[in-house]
Each structure stands twice: as C-alpha cells, then as structure tokens.
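The values are calculated or read from the model by the stated rules, or taken from the named source; none is laboratory data. Please read all numbers here as calculations on a predicted model, not as lab measurements. Reconstructed Cβ throughout: ideal geometry from the backbone, glycine too, with neighbour counts over all protein chains shown.
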Amino acid sequence: MRATRAIIHLDNLVFNISEIKKKIPANTRICVPVKADAYGHGAIPIAKAALAAGATHLAVATAQEGVELRRADIGAPILLLGLCSPDEIGEIVAHDITPFVADRESISELSRAAKAAKKRLPVHLKIDTGMGRIGCTPDEALSLARYISDDACLELAGTATHLPVSDSPEAAHREFTRRQLDLFARTVNSIRDAGIDPGIVNAGNSGSVLLYPDAHFDMIRPGIIVYGYLPDPRLAGTIDLRPVMELETEIAAIKRVAAGTPISYGLTWTAPGETLIATLPIGYADGLARALSPGLRVRIGGAEYPIVGRICMDQCMVDLGHDSPVRRRDRATVFGPRPARGADEVASILGTIPYEITCAVNKRVPRVYVEG
Ligand SMILES: *Cc1c(COP(=O)(O)O)cnc(C)c1O
C-alpha cells in the first residue's frame with residue numbers, strides 16, 4: 001500500500017451518531033447520506049457502520065451509488081436525493097432504490113417501470129420550500145401526493161424538503177428557515193387532511209439538527225456532522241464532534257539545501273537560509289489542492305511545518321527548518337482528528353467548506369478503516 005492514505009476512524013463516526021441521537025427524540029429515524037462515496041470516506045464501510053450505529057436509511061446522489069450499496073448486500077432503504085434520468089429507472093426499480101420525485105412525468109415513468117417489474121416502488125415526494133433546486137411547489141404537493149398514492153405500483157413512502165440556510169445563525173436566515181419549516185409542515189398537513197399518508201416526513205440536514213429541534217419530523221438527513229464537521233464554523237459549541245477522516249502520508253526524502261535554493265515549479269519559494277526540505281508523496285491529484293500553498297502546515301511528530309513552493313500533482317515539499325528531529329519515513333498528517341488540524345481549517349485556507357476537502361481525496365488514496 002502506498003504511504004499516502006486516508007485513515008477512517010469508524011469509532012469517531014459511531015461517536016458522532018451517538019451525539020446526534022442526543023439531539024432528537026428516540027423514535028426519530030436517521031438517514032445518513034453516503035453520496036459521493038460517503039463524502040470521500042468510502043460508501044460501503046460507512047454505510048455498514050452507520051446502520052450498525054442506529055441509522056435506518058441511507059441516501060445517495062445517483063442510481064449507480066445506490067446499486068453499489070445493494071451489491072454489498074446492504075438492504076436498508078436507500079433514498080436517491082437527486083432526480084433520476086430515464087436511463088437510471090431500470091436500476092432504481094431492480095435494486096429497490098427510493099427516488100425523490102417532483103413531477104408527473106417522472107412519477108409515471110417510474111410507475112410504468114415498477115409495473116413491468118411487478119413491483120411496488122417506494123418514492124419520496126420532494127417539495128421545494130426555498131432551496132430552488134429540485135422539488136414541486138407547495139401548491140402542487142397535494143395533487144402529486146394523490147397521484148402517487150392512487151398508483152398501485154408506487155408507494156408514497158415519504159415527503160421531503162431541503163433547507164439551504166439551516167446552518168446560519170443570521171437573523172434573516174433564521175427567519176427564512178422558520179418560514180420554510182412552517183410552509184413544509186402546512187403542506188404535509190394538507191396531504192394528511194386529504195386522507196393521504198405522507199409517509200416518513202423528512203427535512204433536517206446537519207444545520208437544522210443543530211439549530212431547529214422542530215425540523216426533525218419523522219427522520220433527519222444529517223451528513224457532514226456524521227463525518228465530524230460542523231456545516232458552519234459559527235455553530236461551534238452546539239455539538240461535540242470528532243473528525244472521521246485522517247489524511248496522512250510519510251516523508252519520502254529529506255535533503256539539506258543552501259540559502260537561495262528554489263523549491264518546486266515556478267520557483268515561487270526559495271530557502272531564506274540553509275534548511276531541511278522534506279518531500280511528501282501527496283499532491284493535488286490526491287486532493288491536496290494546489291492553492292493550499294502557501295498557507296497549509298502539516299503535522300509531523302507533534303509539530304507543524306509549512307508546505308513550501310507549489311504543490312505538484314503527486315508530491316509536495318515541506319520546510320523542516322535548519323535543525324529538525326524529523327526523520328525520513330516519519331508520518332505527516334495533513335488533516336484529521338485532534339491534535340491535527342481539521343479539514344475545516346484546511347477548507348478555510350481555500351475559502352471553502354470541509355465537505356469539499358474530504359470529497360476531494362482521490363480514489364487512488366487507499367482508505368484504511370480502523371475502530372480506534
Ligand atoms: C447532502 C444532503 C443532505 C446532508 O447535508 P449536510 O449538510 O451534509 O447535513 C441532506 N439532504 C439532502 C437533500 C442532501 O442533498
């Protein structure tokens with residue numbers, strides 16, 4: 001196995017789920033999004049660990065991601081959060097994946113495919129209450145719910161919406177989310193009042209789990225907090241979380257260079273004095289964004305050292321200073337659970353969010369699953 005690897009601390013995943021459970025009533029179901037290869041952590045092991053820790057549902061972004069879970073013998077309900085293309089319908093029906101639906105045309109297509117397969121396909125009606133992405137309007141919801149529940153080949157297994165600013169403490173955003181939740185609750189009630197069972201009502205992403213106890217409904221869909229990061233740094237103190245992924249590598253070489261020696265492409269950095277330069281076998285193709293240098297420091301043996309010069313596709317260099325106890329083959333941590341800095345701190349250097357940092361860790365970086 002190569003020296004650069006992503007260690008996945010499954011015990012931290014279990015810890016995070018148990019902290020999330022403290023925020024919700026005991027009968028609230030938990031759907032863990034494992035889309036994008038479980039935010040880069042590896043969909044199958046994460047799905048299994050999450051289900052063992054009490055999750056009842058999983059969620060994916062593409063039919064293919066759902067099929068991958070089924071092939072690993074995962075039998076739990078799998079929500080498909082995005083709209084499916086007609087090409088994906090066969091797989092959805094064959095593998096009993098539960099798609100979000102929002103229009104008559106796709107509902108009819110799914111119904112025809114379910115009928116042909118002699119199956120009753122569960123679907124969730126997605127209502128757009130303010131995300132502006134997918135979903136029917138609240139006004140259309142009742143008629144679509146009726147359309148689904150009248151169809152013998154479909155089951156209205158759930159009703160869902162999504163919250164774009166549930167992780168923001170700003171007053172205007174709180175007001176926006178409050179209005180969304182009210183609108184969603186009223187729309188679901190109109191479905192119930194018409195004698196139609198809305199199925200498992202679900203809205204809550206990570207932000208709403210932390211800020212809106214009344215957004216739990218029947219099931220929450222927390223992603224980033226399961227993986228150990230807050231959706232927004234301003235929510236610090238709302239929950240105790242432990243990062244699940246640790247991105248580490250080892251020093252491939254150390255050399256002493258003279259003052260004025262340039263390092264890496266573009267000669268953007270030159271040694272200000274005689275110093276020790278370590279080469280790490282990790283680069284932007286592994287997910288270490290080129291824009292992280294200058295700025296990122298990696299942790300080696302309890303101290304932090306700056307990446308210097310441009311990050312290359314497969315390698316980068318670190319300045320160890322004039323004298324250093326660091327040796328060739330020592331491990332270097334890019335991000336991970338404390339005492340290392342988190343993917344959220346790496347994200348802030350790039351002006352992005354931790355989601356993008358863990359998702360960016362390339363498939364060629366082996367994932368190593370540990371319990372402790
Ligand atoms: C990804 C996703 C989630 C999880 O969001 P987090 O911010 O990671 O908690 C929930 N619901 C939908 C529809 C999503 O696409």
Consider only pairs whose beta carbons are under 6 Å apart and that are at least six residues apart or on different chains; among these, list those whose first residue lies in region 221-234 and is basic (Lys, Arg) and whose second residue is part of a loop (DSSP other than H, G, I, E, B) and surrounded by fewer than 21 Cβ atoms within 10 Å (Cβ to Cβ).
Arg234/Pro169
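Being closer than 26 Å to Ala52 by Cβ, away from the ligand (no atom under 16 Å from the Cβ), buried (at least 19 other Cβ atoms within 10 Å of the Cβ) and within 27 Å of the chain's Cα centre (by Cα) is true for just one of Ile92, Ile97, Ile74. Which residue is that?
On the way: Ile97 fails: away from the ligand (no atom under 16 Å from the Cβ); Ile74 fails: buried (at least 19 other Cβ atoms within 10 Å of the Cβ).
Exactly one of Ile92, Ile97, Ile74 is closer than 26 Å to Ala52 by Cβ, away from the ligand (no atom under 16 Å from the Cβ), buried (at least 19 other Cβ atoms within 10 Å of the Cβ) and within 27 Å of the chain's Cα centre (by Cα), namely Ile92.
For region 232-239, check the following and say yes or no: at least one residue is among the acidic types (Asp, Glu) and in a helix (DSSP H, G or I). Break it down into steps so the answer makes sense when it comes.
The first filter runs over region 232-239 and keeps only residues among the acidic types (Asp, Glu), leaving 232.
Retained after the next criterion (residues that are in a helix (DSSP H, G or I)): none.
Taking every residue of region 232-239 in turn, none turns out to be among the acidic types (Asp, Glu) and in a helix (DSSP H, G or I).
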In this structure, is Ala145 out of contact with any Lys or Arg (no Cβ under 8 Å at 6 or more places or on another chain), part of a helix (DSSP H, G or I), within 22 Å of Leu83 (Cα to Cα) and at pLDDT 95 or above?
yes
Can you confirm whether region 343-361 contains a residue that is free of Cβ contacts under 8 Å to residues at least 40 places away in the same chain, within 16 Å of the ligand (Cβ to nearest atom), assigned to a loop (DSSP other than H, G, I, E, B) and of a type in the set (Val, Ile, Thr)?
yes
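Hey, could you check region 284-306 for residues that are in contact with a helix residue (DSSP H, G or I) (Cβ under 7 Å, 6 or more places away or on another chain) and free of Cβ contacts under 8 Å to residues at least 40 places away in the same chain and say which is farthest from Gly260 (Cα to Cα)?
Initial filter on region 284-306 (in contact with a helix residue (DSSP H, G or I) (Cβ under 7 Å, 6 or more places away or on another chain)): 284, 289-292, 295-296.
Keeping just the survivors that are free of Cβ contacts under 8 Å to residues at least 40 places away in the same chain gives 284, 290.
Numbers: Tyr284: 26, Arg290: 23 Å.
Step by step, filter region 284-306, then rank; the result is Tyr284.
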Of the numbered conditions (1) within 16 Å of the ligand (Cβ to nearest atom); (2) buried (at least 19 other Cβ atoms within 10 Å of the Cβ), Ala6 satisfies every one except a single condition; which is it?
(1)
Of a type in the set (A, V, I, L, M), without any contact (Cβ under 8 Å) to a residue 24 or more places away in the chain, crowded, with 18+ Cβ neighbours inside 10 Å and within 30 Å of Pro213 (Cβ to Cβ): is that true of Leu80 in this structure?
yes
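So is Ser264 at pLDDT 95 or above, within 30 Å of Pro122 (Cβ to Cβ) and of a type in the set (Ser, Thr, Tyr) or not? Break it down stepwise before answering.
Values: at pLDDT 95 or above: yes; within 30 Å of Pro122 (Cβ to Cβ): no; of a type in the set (Ser, Thr, Tyr): yes.
The answer is no for Ser264.
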